[in-house]
Every structure is written in structure tokens, then in C-alpha cells.
Amino acid sequence: YETESLTALTTDPVMNLKLLHYPPHTSTDERQFGAGAHTDFGVMTILLQQPDKQGLQVFHAANDEWLSVPAVEDVFVVNMGDLIQKWTDGRYSSTVHRVINIAGGDRYSVPCFYQGNMGATNPFKPDEVGEETVEMHLRRKFDASYGLNGK
Ligand SMILES: O=C(O)CCC(=O)C(=O)O
Ligand SMILES: [Fe+2]
């Protein structure tokens, strides 16, 4: 692909940033999570973790196991979102991940969600008609997660 094929997606992109605080877990119950298993909705997530505060785990489906992501100072974790998986027909997957605050004490993290231009469609299939826009995709995901339709 030419880099220009990404222009519509990367012009006036929406990015939202979360400042997360995970309190120490109050029980040793294995069902207690900081964040339950999920995939990120958008294009890609750039995550800054508090150094040495491990807790993020990614699901390695091939081996049916959860892998711990190291929390290294000045290192960002880059995570593909559902849009990239959809747009590349699964060539890149939006990895299932979760957070269990096992490091002891409070844990802080700063994920930045890159969503792209709200009106953009699949940059890899520019000729497809009737393609869902970024905005339509995000609305559908948020509706399904949080019941925004009042259902
Ligand atoms: O806190 C983390 O390390 C990850 C947070 C996360 O996955 C999310 O907010 O979507
Ligand atoms: Fe996430």
C-alpha cells in the first residue's frame, strides 16, 4: 500500500486517553479482576504502564494460556484493535487481554486509544461501497457493551 492510502483515516483523528487507577485487590478470589477479558474497539492502543507494576495479561489462543506483559519503564505496549482485525480480515488480531493487579499496592496505567477519523472506512479496501465508518463501528461496539440503546 501507498502511505497515502491511510490519509483519510489519519486526518483529524480521534484519540481518547484514560488515566487508570487499579486499587490493590481486597481478596485472593481468582474471579477478582482489575479489568475483565476484552478487546479494544478502535484502531490501535498505545499503553503506558507504571514501571514494575505488572498486571496486564494477553491471551495466547494457540496455547490457551494468559501471558504476562512486562511493565518496563519508558516502554509503550502497542495493541491492535477490533477495526484493524476487521479491516485486515484477521491478518492482524485484536488480542484479548485483561488486568489483574498482582504487583501489590496501587497500579496506574495510561492507555491511549487511536480511533482515526470518524468518517473513515476500511483504508485497505477503498473501493468497497457501503462500508461501515469508524463512527458506526464504535457506536455498535459501545452499544453492545454498555446497552446505550436503552435496551
Ligand atoms: O491497564 C492496562 O494495563 C490495560 C488497560 C486496558 O486494557 C484498557 O483500558 O482497555
Ligand atoms: Fe484494553
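Just a few scattered comments:
- Ligands, DNA and RNA left out, the accessible area of the chain computed with a 1.4 Å probe is 54% carbon and sulfur.
- Relative contact order [Cα under 8 Å, 6+ residues apart], segment 38-151, whole percent: 31
- Here segment 1-124 has an Rg and Dmax of 16.0, 52 Å, counting Cα atoms alone.
- Extension gain, Tyr146-Trp66: 0.36 nm per intervening residue step, less the Cα-Cα distance, totals 26.2 nm.
- Max mean-square fluctuation residue, GNM over the chain, Cα-Cα springs under 10 Å, options Leu47, Leu138, Leu19: Leu19
- Label point distance in nm, Val110-Ala8, each placed 7 Å from Cα along Cα→Cβ: 3.3
- Between segment 75-151 and segment 1-25, the Cα center-to-center distance that results, in Å: 9
- Lysine pair number, Cα distance threshold 28 Å (strictly under), the chain, separation 8 or more or different chains: 9
- Calculated accessible area for the chain comes out at 63 Å² per residue, all protein chains present (probe 1.4 Å; ligands, DNA, RNA ignored).
- Cβ-placed point charges (K, R +1; D, E -1), dipole of the chain about Cα centre in debye, nearest 20: 480
- FRET efficiency estimate (nearest 0.05) - Cβ-Cβ, Ile102 to Tyr1, R0 30 angstrom: 0.15
The values are calculated or read from the model by the stated rules, or taken from the named source; none is laboratory data. All values reported here derive from a predicted model rather than from experimental measurement. Cβ sites come from the backbone with ideal geometry, for glycine too, and all protein chains shown count toward neighbours. For accessibility, only protein heavy atoms count, side chains too; no ligands or nucleic acids. Shrake-Rupley method; radii C 1.70, N 1.55, O 1.52, S 1.80 Å.
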